[in-house]
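Heads up: the structure comes next, in structure tokens.
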Amino acid sequence: MNHLAVVIHPADNVATAVVDLSAGDCVSFFVGQEVCECRLTESIPLGHKFALRALNVGENVVKYGEAIGSASAPIAKGEHVHVHNVESRRGRGDRSGDGA
């Protein structure tokens with residue numbers, strides 16, 4: 001079986017494409033020792049993320065076992081996760097308590 005995406009941590013709710021992927025592809029990947037699959041709803045470029053489950057607005061986007069941002073729009077399982085639907089929480093100087 002050829003795994004076309006990687007999940008870094010079992011708590012992640014996104015996977016990262018290791019090749020360019022097309023809408024409709026059924027992509028396999030490991031989560032720990034378990035082989036999982038996800039059908040993509042849109043094309044995912046190499047190095048970009050896709051959702052492993054539906055995410056609601058404001059919900060944490062988790063990669064590396066850490067929240068890397070929050071969903072700024074509803075994200076469907078298999079959908080591209082990128083700047084158009086995620087708001088970063090890191091490096092924001094406009095929020096009190098955040099480091100720049």
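The values are calculated or read from the model by the stated rules, or taken from the named source; none is laboratory data. Predicted, not measured: the structure shown is a model, and the values here were computed from it. We place every Cβ from the backbone using ideal geometry, glycine too, and count neighbours over all the protein chains shown.
Kindly check whether there is at least one residue in region 15-23 that is closer than 25 Å to ALA67 by Cβ and exposed (fewer than 11 other Cβ atoms within 10 Å of the Cβ).
no
When you look at ALA51, is it surrounded by 13 or more Cβ atoms within 10 Å (Cβ to Cβ) and touching an Asp or Glu at 6+ places or on another chain (Cβ under 7 Å), yes or no? If you could, list the steps in order and put the result at the bottom.
Working: surrounded by 13 or more Cβ atoms within 10 Å (Cβ to Cβ): yes; touching an Asp or Glu at 6+ places or on another chain (Cβ under 7 Å): yes.
So ALA51 fits the description; yes.
What is the number of the single condition among (1) at pLDDT below 95; (2) surrounded by 13 or more Cβ atoms within 10 Å (Cβ to Cβ); (3) of a type outside the set (Lys, Arg) that GLY32 does not meet?
(2)
For region 54-87, what are the residues that are among the aliphatic types (A, V, I, L, M) and either surrounded by 19 or more Cβ atoms within 10 Å (Cβ to Cβ) or in a strand (DSSP E or B) (or both)? Write out each step before concluding.
Initially, region 54-87 is screened for residues among the aliphatic types (A, V, I, L, M), giving 54-55, 57, 61-62, 67-68, 71, 73, 75-76, 81, 83, 86.
Result: LEU55, VAL61, VAL62, ALA67, ILE68, ALA71, ILE75, VAL81, VAL86.
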